[in-house]
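Trainee: Here it is, the structure in full.
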Amino acid sequence: MTRTLARTHLHSTSFVRVLADLVELDAVESRAAFAEKLAQWIHIADAITLRAAHNAAAPTTADTSSVKPSQAAAHVREAFTHARAALEKTLHAGADSSAKPGAARTSLPRPKRGTPAELAGAYEPYKRYYVAHQREMELKIKPLRAKVRSAVAEMSPTLQQLAALDAAFDGILQEREAMLLAKVPALLEQRFKRLRKTHQDAQAATGLEDNPDLWTQADGWLTRFAQEMQTVLLAELDLRLQPTVGLMEALDNEIPTFS
């Protein structure tokens, strides 16, 4: 059985809500505000491109007489589900503290036993970890979206026009999206420093010497940060997949659901 595709809500994503909870961002945003901000992202030349894509007459679809639409849709859905599961598995594996360390950049940083507090409390390794996973998502999701878009375009004239619009939006918004997502590690750094400061204050109140070896225990502040960072990564994955999920939803609406 294939995984149910979650409906997209561009004005209120889980990614925004998760970040808002962690770094005190204002996540309340109306549909009107979203539309207004989106308009600010799109210049006149971009608007012309979108209008042209919207008004273009859909070319004749490719001959798929040898393959039923439901079968072709099944192949697309299977490819999407497999790619999504693989990305989620990579994120979970990277955050598994009990797993053997893999590639340095995609395995969760863990201070070595006996590391001084000043070095163990550095944020840079976690920034590298997060950025490495962002690159991994970018490398896997971009061709996936293109593949799904291409397949969807062959299903019907209506979906072909939708695919053209998706391609236009992708070209227009990808730079802006990359710029905004690049800010996430800096936002997480604020959370990292806040958790560490809270820990330091509590430790100072006890009068005991701080021990970095305890930070990664089940109730340690660094364990908590790692869990929160994992939540943000998974939410970002969902955000990055939303356009592709939208194409899949359109495909489901156009072609009857198959078993």
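Trainee: Only residues that are among the small types (Gly, Ala, Ser) and not in a helix (DSSP H, G or I): list them for segment 112-127, please.
Mentor: Across segment 112-127, the qualifying residues are Gly114, Gly121, Ala122.
Trainee: Within the set of pairs 6+ apart or on separate chains, which have a first residue in segment 232-259 that is modelled with pLDDT under 95, a second that is open to solvent by less than 20 Å² (accessible area, probe 1.4 Å) and polar (S, T, N, Q), and C-beta atoms under 7 Å apart?
Mentor: Cβ pairs passing all conditions: Leu239/Thr13; Glu254/Ser156.
Trainee: Hey, another quick one. Confirm whether Gln200 is assigned to a helix (DSSP H, G or I) and more than 14 Å from Asp21 (Cα to Cα).
Mentor: Criteria met by Gln200.
Trainee: Still on this structure: May I ask you to verify whether Gln190 is touching a His at 6+ places or on another chain (Cβ under 8 Å), assigned to a helix (DSSP H, G or I) and touching a residue at least 24 places away in the same chain (Cβ under 8 Å)?
Mentor: no
Trainee: Let me ask you something else. Any residue at all in segment 122-134 that's more than 30 Å from Pro212 (Cβ to Cβ) and open to solvent by less than 70 Å² (accessible area, probe 1.4 Å)?
Mentor: Scanning segment 122-134 turns up no residue that is more than 30 Å from Pro212 (Cβ to Cβ) and open to solvent by less than 70 Å² (accessible area, probe 1.4 Å).
Trainee: I'd like the full set of residues that are surrounded by 10 or more Cβ atoms within 10 Å (Cβ to Cβ) and more than 20 Å from Leu188 (Cα to Cα), limited to segment 200-211.
Mentor: Ala202, Gln203, Ala204, Asp210, Asn211
Trainee: Hey, another quick one. Go through the residues of segment 225-248 one by one and say whether even a single one is open to solvent by 60 Å² or more (accessible area, probe 1.4 Å) and either in a loop (DSSP other than H, G, I, E, B) or over 27 Å from Ser14 (Cβ atoms) (or both).
Mentor: Scanning segment 225-248 turns up no residue that is open to solvent by 60 Å² or more (accessible area, probe 1.4 Å) and either in a loop (DSSP other than H, G, I, E, B) or over 27 Å from Ser14 (Cβ atoms) (or both).
Trainee: Can Pro185 be described as at pLDDT 90 or above, within 19 Å of the chain's Cα centre (by Cα) and under 28 Å from Leu22 (Cβ atoms)?
Mentor: Yes.
Trainee: Residues of segment 132-157 being among the acidic types (Asp, Glu) and within 27 Å of Pro109 (Cβ to Cβ), which ones?
Mentor: Result: Glu136, Glu138.
Trainee: Does Asp219 count as outside any helix (DSSP H, G or I) and in contact (Cβ under 8 Å) with a residue 24 or more places away in the chain?
Mentor: So Asp219 fails the test.
Trainee: Among the residues that make up segment 203-214, is at least one of them among the acidic types (Asp, Glu), modelled with pLDDT of 90 or more and outside any helix (DSSP H, G or I)?
Mentor: There is no residue in segment 203-214 that is among the acidic types (Asp, Glu), modelled with pLDDT of 90 or more and outside any helix (DSSP H, G or I).
Trainee: Conditions: (1) at pLDDT below 80; (2) closer than 30 Å to Lys193 by Cβ; (3) open to solvent by less than 90 Å² (accessible area, probe 1.4 Å); (4) not aromatic (Phe, Trp, Tyr). Arg105 meets all but one. Number of the miss?
Mentor: Looking at each condition in turn, Arg105 falls short on (3).
Trainee: Among the numbered conditions (1) assigned to a helix (DSSP H, G or I); (2) surrounded by fewer than 18 Cβ atoms within 10 Å (Cβ to Cβ); (3) over 11 Å from the mean Cα position of the chain (by Cα), tell me where Leu251 comes up short.
Mentor: Failing condition for Leu251: (2).
The values are calculated or read from the model by the stated rules, or taken from the named source; none is laboratory data. This is a predicted model, so every value here is computed, not measured. Note that we place each Cβ from the backbone using ideal geometry, even for glycine, and neighbour counts take in every protein chain shown. All accessible areas refer to the heavy atoms of the entire protein, side chains included, with ligands and DNA or RNA removed. Shrake-Rupley method; radii C 1.70, N 1.55, O 1.52, S 1.80 Å.
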